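Structure record follows, encoded as structure tokens.
The values are calculated or read from the model by the stated rules, or taken from the named source; none is laboratory data. Computed from a predicted structure; not experimentally measured. Neighbour counts are summed over all protein chains in view; Cβ atoms, including those assigned to glycine, are modelled from backbone coordinates with ideal geometry. For the accessible areas, the whole protein counts, side chains as well, though only heavy atoms, and no ligand, DNA or RNA atoms are used. Shrake-Rupley method; radii C 1.70, N 1.55, O 1.52, S 1.80 Å.
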Amino acid sequence: MFKGTSFAKLKSNLKLSISRFKLLEKKKTEQATKARKDIADYISGGKDDRARIRVEHIIREDYIVEAYEMLEMYCDLLLARFGLIEKMKELDPGIEEAVATLIWAAPRIYSDVPEMKVIADQFLHKYGKEFFEKCRDNVNANVNDKVRHRLSIGPPPKVLIEQYMMEIAKNFKVPFEPDPSIMLEANGMVAHDLIDLGNRPGPSGGGASGGYGGGSGGYGGGGGGMAFPPMPAQQPHMHQPPVMEEKPPWYNPNAEAAAPESKPFQYPSNPSAPTVSFYTPMGPVSCARRICMLAFPLLPSPSFFFCFFCFLPFAARSLSLSLSSAPNGRD
């Protein structure tokens, strides 16, 4: 079943098909553009019947260009998911439509894109003859409907031909009057297909043209439509008492009121004023208080006496310096 499948050959032909599709799309688009000028000349000369025949050719070329764009997209998709073709034995659902569409379109565009025959043959070796024949006849309905319609051999609708002629005449500024019988038939078909919203009841018994809620009333209007629940009445604004900040038990408002206000530091306005030294000698009482504050945390510790005797010479030296530098007994 899988013998004879050349993945390299399949991959190269997919790339060649993409390039050929692009060239054909460009060529046919240019030809259709030139043909539109000829159709405008036929219309201006009063040869409407001949212009309609040329319009059929243009529509056919536009259909083919659109089908080529779809097939080019499927070739690009298979290249992007080529690992699913190489590694998986069964056909993956993600590429089933692309594979089936290329197999179905191969005999129909073989004259323009000969690489499609090679691609179809490789798919025949890969997925078997049974699947191949089903795709040719579209038994499983897995061929793209748009491609099938664009590559069909049926004539285009008459309404479409008239619309093409009207558009061409408008672009080239040529006066043209479409066939009234065809346009009347087209208008009747369109009016039949449209939904009459004027007499269509709305949901829940609403009237005409009222949407969800009755005739001409919009949402919740008259006619008994689907009414929305009433909005709740706005509550009057209630004054909320200010939240009092809870004070700790040790808070003393009198102490806070009696505390002096702190003032920012200001440089002296008199430049001749004596400067203040950063070192101010302490009195004997202040020195003893400082020593006690340092030694107090060590009272529970066994090393208190060791620290005391270590600091004793330093304390005596500091005391003597303080006494010598403070003759007034400053505290």
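The string of couplings for the stretch 133-150 from the Karplus curve (6.51, -1.76, 1.60, θ = phi - 60°) is 5, 5, 5, 4, 9, 6, 5, 7, 6, 10, 8, 4, 5, 5, 5, 4, 5, 5 Hz, one whole number per residue in order, with x for Gly and Pro.
Extents of the stretch 1-114, taken as max minus min of Cα coordinates on every principal axis and listed largest first, are 62, 21, 21 Å.
The residues neighbouring Ala106, those whose beta-carbon lies less than 10 Å from its own, together hold a net charge of +1 under the Lys/Arg +1, Asp/Glu -1 convention. As an equivalent ellipsoid, the stretch 1-51 spans semi-axes of 45, 12, 4 angstrom, where each value is the square root of five times an eigenvalue of the C-alpha gyration tensor, largest first. In the context of the full protein assembly, Ser320 retains an accessible surface of approximately 50 Å², using a probe radius of 1.4 Å and ignoring ligands and nucleic acids. On the basis of the beta-carbon distance and an R0 of 30 Å, Ser111 and Glu185 show a calculated FRET efficiency of 0.25.
Here each label is just a point 7 Å from Cα along the line to Cβ, and for Arg317 and Phe7 those points are 9.1 nm apart. Here the 3J(HN,Hα) profile of the stretch 52-67, calculated from phi with Karplus coefficients 6.51, -1.76 and 1.60 at θ = phi - 60°, is 5, 5, 5, 5, 4, 5, 5, 5, 4, 5, 5, 4, 5, 4, 5, 5 Hz, Gly and Pro shown as x. For Ser19 and Ser44, the FRET efficiency from 1/(1 + (r/R0)^6), where r spans their Cβ atoms and R0 equals 41 Å, is about 0.55.
For the stretch 130-173, what does the convex hull of the Cα positions come to per residue, in cubic angstrom?
Convex hull of Cα atoms, per residue: 87 Å³.
Rounded to a whole number of µm²/s, how large is the Stokes-Einstein D of the stretch 87-140 at 37 °C and 0.692 mPa s, given Rh as the Kirkwood radius over C-alpha pairs? In µm²/s, the coefficient rounds to 291.
Taking all protein chains as shown and a probe of 1.4 angstrom, Tyr42 keeps an accessible surface of around 40 Å².
Starting from the stretch 35-98, pick out the GluC sites (Glu not before Pro) whose DSSP state is loop and whose Cβ has at most 16 other Cβ atoms within 10 Å.
Glu90
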